Protein chains: 2
Amino acid sequence: MLKANHHAEPLGRREQNKIDTRQAIADAAFELARSVGPGAFTVDQVVERAGVSRRTFFNYFPSAEDALTVRMDLFIDLALGVFEQLPADEPLFGAIIRAFTETTRMEGLSQHGELFRMAGADPDLLRAQLHSWERAEARIAEALRARLGTAASELYLTALVGCVMSSTRAALRDWAVHTPPSAADSGRQLEARILAALTMLRDGFADPGALITPHPPDTPARS
Amino acid sequence: MLKANHHAEPLGRREQNKIDTRQAIADAAFELARSVGPGAFTVDQVVERAGVSRRTFFNYFPSAEDALTVRMDLFIDLALGVFEQLPADEPLFGAIIRAFTETTRMEGLSQHGELFRMAGADPDLLRAQLHSWERAEARIAEALRARLGTAASELYLTALVGCVMSSTRAALRDWAVHTPPSAADSGRQLEARILAALTMLRDGFADPGALITPHPPDTPARS
DNA sequence: ATGCTTTGTTGCACGGAGTGCAAAAATTGC
DNA sequence: GCAATTTTTGCACTCCGTGCAACAAAGCAT
């Protein structure tokens, strides 16, 4: 187990207030999205819940949907922190997989799945999430660049990161479809899928053999 | 060379008018984006150029940025048409690569690159494009599902398509960075990159060896 | 504590985005 | 040509997103 790298600096009241406000807004937005549905609430409703002014909201987020991507950004923060602590000589795919699984263990997954599922109902939320993945991709590519140095071409690097993210997203999608209610082993279900997808990637998708969920739905994949 | 599958049905005036209007709006939006920059023009300016009412614009597109993704959607139309005509026993990656290269030969690439580069300057356009890629992914997955039948799991299928799109996107990005002006061999440059990225994918990213553009920029990659 | 500087919040105002609705115009079928 | 259908348009309305200036809170020095 890796230590959490908490940045536990003194952190003045200025910084803390901003973090709190940001979180309050994000929480308010999430609760609203959960209760009335994504895209079915206004910024005014959010700020009323969060206890800030309308103008302040837009100081933090450019749109209501962006307040719903905070969780993913934080998730990437964690994952990158984990990744940077892994030994530099560990095999690449192994390190990536470990960074993901280690992170999913400290962060709850249910909300991510819930948000992912919400995106199916609201194009604007979907776009915000895609943008979030894009930002994450850039950040991860950055971290990988630091790890691999100039040994790898830019194309190799960006394509690899893109594929890792795509595979992870496919796993999330599959998981969201086949594990709608919060099942007991929900976490393991997702982990298994991410692992399966990344393994396919490592093998160049040579074997179409069904590892998880054949074609018909409702096959809980006894893993 | 494959035939273009032109759907040359009679096509009444209703249908034709809609197509024309759609195209007029898309063209007007593209010209504006090109001259004043993406995100720097209003819907009113677009509709004035296109010669339609403001309300009509929103009958066709939900936002100004969406009018700029028409080209990519059409590109996918073409590519899918090509893909479906390829022999069913052709190796998967080969078929995908061929579908792409065949399509790039009939469609101009410069506008795609231009739009791609524009997205770096306007978050909303970027989101619209990401959404467009997402739609394309779904459509391609559909086509692949028809081709592979139930032999492949959903996860395999969606992960594969996602990775193909990601690799292509990485190639586009690399190309857009290293080939800013419309160079003479612009088309071949892009083709080479897409091929390189998809080859990396097929090989499971086992070899970080620099195929195109080592690390430093401005290395035209003698192909 | 007191004042001074820096930084974050709020209200206001304004232009633009997006949508429901009903009237008007264009296309189609007969 | 006439009636039915489909598309375009104008209007009105709400909500979004932002520049600006006044205001409040935190930091800093004495």
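The values are calculated or read from the model by the stated rules, or taken from the named source; none is laboratory data. Keep in mind the model is a prediction, meaning the values are calculated, not measured. Methodologically, a virtual Cβ is constructed for each residue, glycine included, from the backbone with ideal geometry; neighbour enumeration extends over all protein chains shown. The protein model used for the area step is the full one, side chains on, heavy atoms only, and it has no ligands, DNA or RNA in it. Shrake-Rupley method; radii C 1.70, N 1.55, O 1.52, S 1.80 Å.
Can you name the residue in the range A:131-153 that is in a helix (DSSP H, G or I) and open to solvent by less than 20 Å² (accessible area, probe 1.4 Å) and, of all such residues, is farthest from the other protein chains (Cβ to nearest Cβ)? Step through it out loud before you land on a result.
Looking only at the range A:131-153, we keep the residues that are in a helix (DSSP H, G or I), and these are A:131-151.
With open to solvent by less than 20 Å² (accessible area, probe 1.4 Å) added as a condition, the list becomes A:132, A:136, A:141, A:143-144.
Details: A:Ser132: 10, A:Ala136: 12, A:Ala141: 9, A:Ala143: 15, A:Leu144: 10 Å.
Looking at residues that are in a helix (DSSP H, G or I) and open to solvent by less than 20 Å² (accessible area, probe 1.4 Å), I get A:Ala143.
Can you name the residue in the range B:78-96 that is buried (at least 16 other Cβ atoms within 10 Å of the Cβ) and out of contact with any Leu (no Cβ under 9 Å at 6 or more places or on another chain) and is also farthest from B:Ala146 (Cα to Cα) among such residues? Show your work before the answer.
Of the residues in the range B:78-96, the ones buried (at least 16 other Cβ atoms within 10 Å of the Cβ) are B:78-83, B:86, B:92-93, B:95-96.
Then keep just the ones that are out of contact with any Leu (no Cβ under 9 Å at 6 or more places or on another chain); that gives B:78-80.
Values: B:Leu78: 17, B:Ala79: 15, B:Leu80: 12 Å.
Here the residue is B:Leu78.
Could you figure out which of (1) within 16 Å of DNA strand C (Cβ to nearest atom); (2) outside any helix (DSSP H, G or I); (3) within 14 Å of another protein chain (Cβ to nearest Cβ) isn't true of B:Gly120?
Every listed condition holds for B:Gly120 apart from (1).
Do you know which of the residues in the range A:163-206 that are more than 10 Å from chain B (Cβ to nearest Cβ) and part of a loop (DSSP other than H, G, I, E, B) is nearest to B:Leu198 (Cα to Cα)?
A:Thr179
Could you tell me whether B:Arg222 is at pLDDT 95 or above, more than 9 Å from chain A (Cβ to nearest Cβ) and surrounded by fewer than 20 Cβ atoms within 10 Å (Cβ to Cβ)? So that I can check it myself, show each step before the final result.
Values: at pLDDT 95 or above: no; more than 9 Å from chain A (Cβ to nearest Cβ): yes; surrounded by fewer than 20 Cβ atoms within 10 Å (Cβ to Cβ): yes.
Spelling it out, it is not the case that B:Arg222 is at pLDDT 95 or above, more than 9 Å from chain A (Cβ to nearest Cβ) and surrounded by fewer than 20 Cβ atoms within 10 Å (Cβ to Cβ).
Given the criteria open to solvent by 20 Å² or more (accessible area, probe 1.4 Å) and either within 26 Å of B:Trp133 (Cβ to Cβ) or modelled with pLDDT of 80 or more (or both), does A:Ala171 qualify?
Values: open to solvent by 20 Å² or more (accessible area, probe 1.4 Å): no; either within 26 Å of B:Trp133 (Cβ to Cβ) or modelled with pLDDT of 80 or more (or both): yes.
Here the answer is no, as A:Ala171 does not meet what is asked.
I need every pair where a residue in the range A:1-26 that is modelled with pLDDT under 80 has its Cβ under 9 Å from the Cβ of a residue that is not in a helix (DSSP H, G or I), sequence separation at least 6 or different chains.
A:Leu2/A:Leu86
Just the residues that are under 16 Å from A:Pro62 (Cβ atoms) and not charged (D, E, K, R), please, taken from the range B:120-142. First the steps, then the outcome.
Of the range B:120-142, the ones under 16 Å from A:Pro62 (Cβ atoms) are B:121-128, B:130.
B:Ala121, B:Pro123, B:Leu125, B:Leu126, B:Ala128, B:Leu130 - these are the residues of the range B:120-142 that are under 16 Å from A:Pro62 (Cβ atoms) and not charged (D, E, K, R).
Residues checked against (1) in contact with a helix residue (DSSP H, G or I) (Cβ under 8 Å, 6 or more places away or on another chain); (2) surrounded by 14 or more Cβ atoms within 10 Å (Cβ to Cβ); (3) over 28 Å from B:Ala146 (Cα atoms):
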| position | (1), (2), (3) |
| --- | --- |
| B:Ala24 | yes, yes, yes |
| B:Phe30 | yes, yes, yes |
| B:Arg55 | no, no, yes |
| B:Leu74 | no, no, no |
| B:Ala99 | yes, yes, no |
| B:Arg105 | yes, no, no |
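Within the range A:107-117, track down each residue that is touching a helix residue (DSSP H, G or I) at 6+ places or on another chain (Cβ under 6 Å) and not in a helix (DSSP H, G or I).
Across the range A:107-117, the qualifying residues are A:Glu107, A:Leu109.
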